[in-house]
Amino acid sequence: MRAAVFTGHGNPLEIREVDEPTAEPTGVVVETQACGICRSDWHAWQGDPAWEGRGFEDGHVFGHEPAGVVVEVGDEVEEVREGDHVTVPFNLGDGTCPACRDGHSNLCDERIPFGLTPESRGAFAERFHVPWADYNVVSLPSGISPVEMAGLGCRFMTSFHALVHRADLTGGDWVAVHGCGGVGLSAVHIADAVGANVVAVDLFEEKLDTASDLGAVETVDAEAVDDVPAAVRAVTDGGADISVDALGIAETCRNSVESLRKRGQHLQIGLTSSEDAGEISLPTDRMVAKELQFVGSLGMPRPRYDEIFRMIAHGKLDPAAVVSETVSLDAVPERLAAMTDFGTSGIPVVNEF
Ligand SMILES: [Zn+2]
Ligand SMILES: [Zn+2]
């Protein structure tokens, strides 16, 4: 089968024939219909801190925001059937450890980051394998297309979990979103849908325009102002209740913390890149003096998908709204490389294999 394969950190991916996956006893094989192209793929490709040392080898396949149809089922699988239209969360859980039993599959002790570790080949390929299928596979409600589902992939559900489950977000709160890439635009749309007033921050006017279309009531052009946090505090009359770093660089992280009003919550969604190497210094005294909270958030637990599906079914959320383009598998190397200069907007999705 065809796949876009890794050939070394920073080297262009190559379209190549690779071995077909086969179903393990508790796994299934899924034929890929769509897969989002994500900055996490880019970080892993570059070898940034969270992925460095994982030992990706020539031939590895990225891609962790899939939708597709089950084509092969392992002998021990009880619930998933051939022909099911499905997706999987990008953090695969074993279903048996204390975190999984507690409903936090995203924090599974044996967590397999789908496509983002050498032991798991991802979905920039015609087919992919899912281990522990009965626990991880999510059936798509009718009416959700593969492209919409790919749009819902890691960035959208990561933002949903952060804002809806991890933060104390209530209607009328000011939510500042720093960085309007795929995860940031998803955060803007979700925060708006649950009743917040959103202020979007980015360096690119075009991304701010998209944020406004998705519900941001205020925007701050980080290129045009000297002091981003002061600009956010000005438009929110004292600071945001919740502020999101949707990029993961020192500047957006600190800007986010400094945008908060007293007792505000900073949500860290973006992981760092090699420049910060996993650590960012913070305005600690300010955090104490204002009783600010720093909240980390990782993906979304498998059992929480139904909440998003219900909001989609009733027209409150539209993951397709953050999908910027659909491309073929052949375009994956170039689209991933375009992320180096932030040359993509929203969520590009592969839907031709
Ligand atoms: Zn587990
Ligand atoms: Zn992702």
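The values are calculated or read from the model by the stated rules, or taken from the named source; none is laboratory data. This is a predicted model, so every value here is computed, not measured. When we count neighbours, we look across all protein chains shown, and the Cβ atoms used for this are built from the backbone with ideal geometry, even at glycine. For the accessible areas, the whole protein counts, side chains as well, though only heavy atoms, and no ligand, DNA or RNA atoms are used. Shrake-Rupley method; radii C 1.70, N 1.55, O 1.52, S 1.80 Å.
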Original post:
Does the stretch 265-281 contain any residue that is surrounded by fewer than 19 Cβ atoms within 10 Å (Cβ to Cβ) and not in a loop (DSSP other than H, G, I, E, B)?
Top reply: no
**OP:** Return the residue satisfying two criteria in turn: it lies in the stretch 321-353 and is in a helix (DSSP H, G or I) and open to solvent by 60 Å² or more (accessible area, probe 1.4 Å), and of such residues it is nearest to residue 34 (Cα to Cα).
**Re:** 330
Original post:
Which one of the conditions (1) surrounded by 17 or more Cβ atoms within 10 Å (Cβ to Cβ); (2) over 19 Å from the mean Cα position of the chain (by Cα) does residue 78 fail to meet, given that it meets all the rest?
Top reply: (1)
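Could you tell me which of the residues 68, 36 is among the small types (Gly, Ala, Ser), within 11 Å of ligand 2 (Cβ to nearest atom), surrounded by 16 or more Cβ atoms within 10 Å (Cβ to Cβ) and in contact (Cβ under 8 Å) with a residue 60 or more places away in the chain? Before the answer, list the steps.
On the way: 68 fails: within 11 Å of ligand 2 (Cβ to nearest atom).
Within the list 68, 36, the selection yields 36.
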Subject >> Residue count, the stretch 85-104 (criterion: over 15 Å from residue 28 (Cβ atoms), within 16 Å of ligand 2 (Cβ to nearest atom) and open to solvent by less than 10 Å² (accessible area, probe 1.4 Å)) >> reply: 1
Original post:
If you go through the stretch 211-230 one residue at a time, how many are open to solvent by less than 50 Å² (accessible area, probe 1.4 Å) and part of a helix (DSSP H, G or I)?
Top reply: 4
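So is residue 259 of a type in the set (Ser, Thr, Tyr), more than 17 Å from the chain's Cα centre (by Cα) and surrounded by 22 or more Cβ atoms within 10 Å (Cβ to Cβ) or not? Talk me through it step by step, then tell me what you get.
Working: of a type in the set (Ser, Thr, Tyr): yes; more than 17 Å from the chain's Cα centre (by Cα): yes; surrounded by 22 or more Cβ atoms within 10 Å (Cβ to Cβ): yes.
In short, yes.
Every residue in the stretch 29-55 that is in contact with a helix residue (DSSP H, G or I) (Cβ under 7 Å, 6 or more places away or on another chain) and not small (Gly, Ala, Ser), please. Outline the logic, then answer.
As a first pass, look at the stretch 29-55 and keep what is in contact with a helix residue (DSSP H, G or I) (Cβ under 7 Å, 6 or more places away or on another chain): 33-42, 45, 50-51.
Those that are in contact with a helix residue (DSSP H, G or I) (Cβ under 7 Å, 6 or more places away or on another chain) and not small (Gly, Ala, Ser): 33, 35, 37, 38, 39, 41, 42, 45, 51.
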**OP:** Hey, can you tell me all the residues within the stretch 82-99 that are touching a residue at least 60 places away in the same chain (Cβ under 8 Å) and either within 15 Å of ligand 1 (Cβ to nearest atom) or out of contact with any strand residue (DSSP E or B) (no Cβ under 9 Å at 6 or more places or on another chain) (or both)?
**Re:** 89, 90, 91, 93
Original post:
How many residues are without any contact (Cβ under 8 Å) to a residue 60 or more places away in the chain, in a loop (DSSP other than H, G, I, E, B) and either open to solvent by 30 Å² or more (accessible area, probe 1.4 Å) or hydrophobic (A, V, I, L, M, F, W, C) (or both) when one looks only at the stretch 282-312?
Top reply: 4
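This table checks each residue for (1) open to solvent by 30 Å² or more (accessible area, probe 1.4 Å); (2) closer than 22 Å to residue 104 by Cα; (3) β-branched (Val, Ile, Thr); (4) outside any loop (DSSP other than H, G, I, E, B).
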position: 134; (1), (2), (3), (4): yes, yes, no, yes
position: 142; (1), (2), (3), (4): yes, no, no, no
position: 148; (1), (2), (3), (4): yes, no, no, yes
position: 157; (1), (2), (3), (4): no, yes, no, yes
position: 161; (1), (2), (3), (4): no, yes, no, yes
position: 165; (1), (2), (3), (4): yes, yes, no, yes
position: 177; (1), (2), (3), (4): no, no, yes, yes
Original post:
Taking the stretch 105-114 as the search range and keeping residues that are outside any strand (DSSP E or B) and buried (at least 18 other Cβ atoms within 10 Å of the Cβ), which one is nearest to ligand 1 (Cβ to nearest atom)?
Top reply: 108
